[in-house]
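Student: What follows is a structure written as structure tokens; I'll ask about it next.
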């Protein structure tokens, strides 16, 4: 009788605990839904359905068709968004208000569109692939440099981008990859037997790697001779895998705001500030696919067919994983001229006391390892009498060697800059939008940091203070030209 009573009590206790957990979870979900649904209101550009956007199911056979569809897409954007958004009263920074300071359609060049820079007798072909929520604007500087060096260049607008933030609510990474294939085929046809290079920034880096894996097994796809990766999206936070459930719950409950990780003022003419949940989900999906494909290639001994790769990344990148870049990609590459360049933080004495995380141990460990099949360069402070200076040195270890060679440079960290960020890598200091604004008449987003009380502005202090340009861009540019063989005169 006592044993029966005890078993019954345990059963009741388990049920009570189970009900308690369910009630707690339901309460937390309800609170989360309430908080997310009480964010800023959605606008037309969050909800518009631009059905002229390219998808894998689109009736598009080649790159010319893709550009024709893009023309129709931007005409639709004009008629359904700009024409239905009231004109600004006085000065405005809303990119979707016709005639505002940040209206890309009123600028000399709308860098949200695909652009082509051709050569009659090209030395190479370079395909530029921008990042998630981004636009062709981000790689225009490198594109101009490659073109001036003799390359034919395409700056591809990736599907879902350059129009309205709603474009990323349903676009998939497979739609994006299909557009890359069209552009790569077209570019290769135009350059003939000249080398083809893919330049991928952030999600464009992921798309570059995906394309490289496809070209190994698909003879109809031209193989790239090299990949140049900037802040490449090879691994993202595990939390991205859960993001899709927020959107699904919102769909089930009819709460459209839950389709968004952030709902922000659209003050940037060439980058969405609002971020769709689906964009994070697609980042997770494509990086998972990359790991799967590269793992299979490594197992099959096929990585020797992977193109020569040069990658640049901040060691404290808060958007993508440096560890995943090494373990999923570089550690699987054979010794065939691959190189990884990591930017250390600015190790001034005061800064080191303020760090929440320090990449020093990771960087030292990488430099100490001798079994890597890729060359590693760390851009870090030079030491003067045992104290870090603003000047930087290059610490380099060649693939398979035991020695780290240190080389001095003329480069230096700017005042009050403690690190590079994910977004800073492809932008020079003189970029008209993200640069320092030194010598210019109009303040740029790269140096705009308003001071006042917290919680007052729609733009977060963290976003204003994030480093948006690369003080070492000229060096990166020269390394890129050398990598592609375009630094020499034919």
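The values are calculated or read from the model by the stated rules, or taken from the named source; none is laboratory data. None of the values given here were measured: they were computed from a predicted structure. Neighbour counts are summed over all protein chains in view; Cβ atoms, including those assigned to glycine, are modelled from backbone coordinates with ideal geometry.
Student: Can you confirm whether residue 351 is at pLDDT below 90, more than 30 Å from residue 221 (Cα to Cα) and crowded, with 16+ Cβ neighbours inside 10 Å?
Tutor: Considered against the rule, which asks whether it is at pLDDT below 90, more than 30 Å from residue 221 (Cα to Cα) and crowded, with 16+ Cβ neighbours inside 10 Å, residue 351 comes out as yes.
Student: Just name the residue that is nearest to the chain's Cα centre (by Cα) out of those in the stretch 320-347 that are crowded, with 17+ Cβ neighbours inside 10 Å and part of a loop (DSSP other than H, G, I, E, B).
Tutor: Among residues in the stretch 320-347 that are crowded, with 17+ Cβ neighbours inside 10 Å and part of a loop (DSSP other than H, G, I, E, B), the one nearest to the chain's Cα centre (by Cα) is 320.
Student: Conditions: (1) part of a loop (DSSP other than H, G, I, E, B); (2) more than 18 Å from residue 294 (Cα to Cα); (3) more than 18 Å from the chain's Cα centre (by Cα); (4) at pLDDT 95 or above. Residue 224 meets all but one. Number of the miss?
Tutor: (2)
Student: Also: Which of the residues that make up the stretch 66-77 are touching a residue at least 24 places away in the same chain (Cβ under 8 Å) and either more than 15 Å from residue 166 (Cβ to Cβ) or not assigned by TED's automatic domain parsing to the domain that holds residue 159 (or both)?
Tutor: Result: 66, 67, 70.
Student: Scanning for something more than 18 Å from residue 289 (Cα to Cα) and either modelled with pLDDT of 95 or more or assigned to a loop (DSSP other than H, G, I, E, B) (or both), does the stretch 246-262 turn up at least one residue?
Tutor: Within the stretch 246-262 (the criterion being more than 18 Å from residue 289 (Cα to Cα) and either modelled with pLDDT of 95 or more or assigned to a loop (DSSP other than H, G, I, E, B) (or both)), the answer is yes, since at least one residue qualifies.
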